[in-house]
Structure formats: C-alpha cells, structure tokens
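The values are calculated or read from the model by the stated rules, or taken from the named source; none is laboratory data. As the structure is a prediction and not an experimental result, all values here were calculated from the model. A quick note on method: Cβ atoms are made from the backbone with ideal geometry, for glycine too, and the neighbour counts reach across all protein chains shown. Calculation scope for accessible area: heavy atoms of the full protein, side chains included, ligands and nucleic acids excluded. Shrake-Rupley method; radii C 1.70, N 1.55, O 1.52, S 1.80 Å.
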Amino acid sequence: MQPNQSWHWITSIGSLWGHGLPEHPLDQPLSDAWLLVGEGQIKGVGTGVEGAQPVLLSAVPELDARWADWRQAMVDHQVQQTDLNGRSVMPSFCDPHTHLVWAGDRSSELVARLGGSTYAQIAEAGGGILSTVSKVRSLPEEALLEQSEGRLLRLMKQGVACLEIKSGYGLSLEAEAKCLRVARQLSQRNGVRVVTTFLGLHALPPEYRHQKNEYVHTVVQDWLPRLYDQGLVDAVDIFCEQGYFGVDDLEALALAADRLGLPVKAHVNQFHSIGGVEMACRLGLASMDHLETMGDQDWAFLGPRAPVAVGLPLCSLYLDLPYAPLGAMLARGQRVALGSDLNPGSAPSGNPWLNWCLGVLRCGLSPLQGLEAMTSQAAYAMGLEAHCGRLQAGLDAHFLVLPPSWNPAMVVGGMGSVAAEEIWFAGHRFFAY
Ligand code: NIG
Ligand code: FE
C-alpha cells in the first residue's frame, strides 16, 4: 500500500511556538512536540510521542485501534512521517494590510525623498498614488495579475500564508473591479486565503478633482454595492488624512458597509491626527491602521474595546515617519497587530522578517509580542482567527521550520533575513532555503 498522502505526522519538534494551548503559557513554546496535519489542516498538536496515539487514532480514519503496534502501522501503511530532529516550528505569517495589486515602479520616489522631497510634494508633482493609478488603468488584467503574482510568491517564500489585499489604484468602477478580480484570482491560483478590501476612497481621481463630495457619494452609494454584488468585496477601507478624506467620509462609508455587513478598516494618523482614531473607535471598526502620528487626545480612545491597531513600521522606515507606539498601546490593553503596507510608494518591501524586527526595535514590542502581532493578532485583524495565525487543531496547516534552539529574539539580529529553513503550506513542504 502507498503511504496515505493526505496525512502527515511531524515529530521531534524541539520548540513549537504560537500553539495557543490554554494550559501552557503563551510565552513558552511546547518542547518535544508533534503536529498531525491532514486535508490542509492541523488535526492535532501535542507533546511526547506516546501521547499522540489517541489523537492519531481518532483523526485518521484508516488507522485501526486494534493494531497492536500502532506506530508501525502508521509507518507501513497510512501516514507519512517527518522527523524534524529538534528543529523549531512557528505559524506562518498573516499580513493584514497590503496594497499588493499594482502596476509599474516608483523607486525613483525613494531617491527623490532622499534628496529632501516629502511624500506630499512628490504627490503634488505628479507622483504618488495617482501615478500608480494611471499605470493600473492602462494595464490589461492578465498583465496586472502576472506582476502581482510575482509579489505574492515572494511574500509566500518569505513565510506569508494569508493576507489582505486592497484595491485603491484603479479609482474608477471598472479599474477597481479589475484590481479586486486580480486579488481573487491570486487567491484561487495559489491557494492562499485573501481578504479583498475595497479602497475606493484612497485618493481623488483626476475626473473628480474638484468634486470630492460627489466622488465620495458615488463610491459609497454606487460602486460599493455593485462591487459587493459581483462578489469582489470582503471589507472596505479609506485613507483618512488631511488632503485626502475626512472623518465624515469615514462615517458615510461605515454606514454603507454596515448595510452590507462588511467590516470597515481605516488608514488613520499616518501624517496628521484629524480625529480618525476617535471615529474608528466610535464606529467600532474592524481595524485602525498606521497610527504613526498619535496626538495626546487620541490615546484616551485606546483600550481593550478599541479596534485592533495595525502598525506598519516598514512605511515609517521608508517615509522616515515616527513609528506607531505599539508597545505603549499594548500596555493599555489595546490589541495590536503588524502589517507590511506593501505598496509601490510608501512601503515597497513587504518583508515580514524586517517588519517583525522593526516592530521590536522601533514600535516597542517584545520579540514574542512581535510574533503574536505578525500571526494570531494579524489574523484577528482580518477576521480570520478561526483559520490561521496559530498552530491549533482545525486551523490551516501553514507553518515555518526554523533551526533547533531558535527563539523569536533572533529575528531582531537577523534584520530582515529569512530565519525559516522550510516553509510549509497547507500541510506540505512548499519551499526550502
Ligand atoms: O498605506 N497611505 C495611503 N496609502 C498607502 C500609500 C500608497 C502609495 O503611496 O501608493 C499607504 O501608505
Ligand atoms: Fe496602506
């Protein structure tokens, strides 16, 4: 009989991080651990090989309790086994904030910023979001898919298994639909969970240059329900910022999204504190993202009941902005996550290892808080905590294999280098370094 390809027992895990087992403190990995995976999911997690027997027998239908030597039965007939020889395992990354679907390149803006130009000056001079919009509009869907897929594969090889993708570089009904279709296709073609977010309120397109209210009305009342009816929208977002959209626009968007049962996210406090945090908390958004520029008055709204705060330190790095003070927020009981903000202008990297490193070095998180922010809290920010972000039975079998004696603090020294030796996706080895 051939080994049963759909079951895999992974043993001799020296340290298993991100297990979330209630009886073990989160800050301690499981040692001498194992994972049972099947049908792309984690079917069991435990420690000590002998303790695995009842889990294996109940999970794998082909295994029969009457077999006297159950381990031999597995080896001979039913279940593939991989011995990790004491190596470490952690959940794959979840990325709750990306603008991954775009066309063209804006690396010249990096150089312009090094020469002293600001993000706002570059946008006024014809660069910025609108320069990407004109490239996205003119690129056929197939080519947009191809360019974007290259970026997705790079993220996957760095250990990202689940992500959010925003539109916002089309800014017409048809071009926004094109971007969202590409995001859906990326998910289907690569088996990755993708949350699609409609970000029509990203910037004012040239056609509406002097008609902001009309544009907001059109996006909220017309484009959103239409794109939703096409099955393209899982969530909505808005760039709530001086010179872009205000808190009234956020409120209008949230009301419309609520009618459709869609979660609402918002870019707030990237450059200015204009009341976005207060409005995000008052409306009970799914997440509030960026938070680089926190005013004194904003802090009063943070706490355990506030929307999850998604910090984006790669954006601070590239734009030379303050870093979201996530550690201080956590100390107030605020839930925090980390996202890459991957986009062609303010955060072209996407590297999750560097993001985690900056979360520690610059946002005030401990290495372990960083791991949570990159995995389970990031999944929570996407509403996917029942599917990914932890190594628990019933969740997706996406995980990273790291060297023996690895620990999260080593990511800081790695400064963006990939610490994983193997990337496992849906229960299979997907990529090895
Ligand atoms: O999240 N802030 C708005 N949107 C992106 C930047 C987009 C761009 O520059 O193309 C961000 O940083
Ligand atoms: Fe963003």
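Could you list, in sequence order, all residues of region 319-341 that are within 12 Å of ligand 2 (Cβ to nearest atom) and more than 19 Å from residue 286 (Cβ to Cβ)? Listed by number, the list holds a single entry, 319. Restricting attention to region 114-130, the residues being more than 11 Å from ligand 1 (Cβ to nearest atom) and surrounded by 14 or more Cβ atoms within 10 Å (Cβ to Cβ) number 1.
When the residues of region 276-291 are filtered to those that are in a loop (DSSP other than H, G, I, E, B) and buried (at least 20 other Cβ atoms within 10 Å of the Cβ), the one that is nearest to ligand 1 (Cβ to nearest atom) is 291. The set of residues in region 240-253 being open to solvent by 10 Å² or more (accessible area, probe 1.4 Å) and in contact (Cβ under 8 Å) with a residue 12 or more places away in the chain consists of 242, 243, 244, 246, 247, 249, 251, 252. Determine if region 209-227 includes at least one residue that is polar (S, T, N, Q) and farther than 18 Å from residue 176 by Cα. Looking for residues that are polar (S, T, N, Q) and farther than 18 Å from residue 176 by Cα, one finds at least one in region 209-227, hence yes. Only a single criterion out of (1) within 28 Å of residue 85 (Cβ to Cβ); (2) crowded, with 24+ Cβ neighbours inside 10 Å is not satisfied by residue 341, namely (1). Inside region 1-17, residues that are assigned to a loop (DSSP other than H, G, I, E, B) and modelled with pLDDT under 95 make up a count of 3.
Condition check ((1) within 16 Å of ligand 2 (Cβ to nearest atom); (2) touching a helix residue (DSSP H, G or I) at 6+ places or on another chain (Cβ under 7 Å)) across all residues:
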| residue | (1), (2) |
| --- | --- |
| 310 | yes, yes |
| 316 | yes, no |
| 344 | yes, yes |
| 364 | no, yes |
| 384 | no, no |
| 388 | no, yes |
| 398 | no, no |
| 413 | no, no |
| 420 | no, no |
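Taken residue by residue, region 247-260 has no member that is away from ligand 2 (no atom under 15 Å from the Cβ), part of a loop (DSSP other than H, G, I, E, B) and farther than 18 Å from residue 377 by Cβ. Among the candidates 189, 226, 209, the residue that is away from ligand 2 (no atom under 16 Å from the Cβ), exposed (fewer than 15 other Cβ atoms within 10 Å of the Cβ), in the same structural domain as residue 342 (by TED's automatic domain parsing) and without any contact (Cβ under 8 Å) to a residue 40 or more places away in the chain is uniquely 209.
Which one of these is within 15 Å of ligand 2 (Cβ to nearest atom), open to solvent by 10 Å² or more (accessible area, probe 1.4 Å) and not hydroxyl-bearing (Ser, Thr, Tyr): 133, 195? I'd like the intermediate steps shown before the answer.
Details: 133 fails: open to solvent by 10 Å² or more (accessible area, probe 1.4 Å).
Of the residues listed, the single one that is within 15 Å of ligand 2 (Cβ to nearest atom), open to solvent by 10 Å² or more (accessible area, probe 1.4 Å) and not hydroxyl-bearing (Ser, Thr, Tyr) is 195.
Being open to solvent by less than 10 Å² (accessible area, probe 1.4 Å) and either within 16 Å of ligand 1 (Cβ to nearest atom) or in a helix (DSSP H, G or I) (or both), is that true of even one residue in region 411-418? So far as region 411-418 goes, yes, one or more of its residues are open to solvent by less than 10 Å² (accessible area, probe 1.4 Å) and either within 16 Å of ligand 1 (Cβ to nearest atom) or in a helix (DSSP H, G or I) (or both).
Restricting region 254-273 to residues that are within 14 Å of ligand 1 (Cβ to nearest atom) and open to solvent by less than 60 Å² (accessible area, probe 1.4 Å) leaves a set whose member that is nearest to the chain's Cα centre (by Cα) is 265.
For the structure I just gave you, tell me whether residue 235 is within 27 Å of residue 307 (Cβ to Cβ), in contact (Cβ under 8 Å) with a residue 24 or more places away in the chain and assigned by TED's automatic domain parsing to the domain that holds residue 121. Yes: the conditions hold for residue 235.
Here is a list: 170, 128, 150. Which entry is without any contact (Cβ under 8 Å) to a residue 40 or more places away in the chain, within 16 Å of ligand 2 (Cβ to nearest atom) and under 24 Å from the mean Cα position of the chain (by Cα)? After ruling out the rest, the residue left standing is 170. Assigned to a helix (DSSP H, G or I) and aliphatic (A, V, I, L, M): which single residue out of 152, 163, 232, 171 fits that description? Testing whether each residue is assigned to a helix (DSSP H, G or I) and aliphatic (A, V, I, L, M) leaves just 152. For region 375-385, check the following and say yes or no: at least one residue is open to solvent by 30 Å² or more (accessible area, probe 1.4 Å), within 25 Å of residue 165 (Cα to Cα) and of a type in the set (Ser, Thr, Tyr). Looking for residues that are open to solvent by 30 Å² or more (accessible area, probe 1.4 Å), within 25 Å of residue 165 (Cα to Cα) and of a type in the set (Ser, Thr, Tyr), one finds at least one in region 375-385, hence yes.
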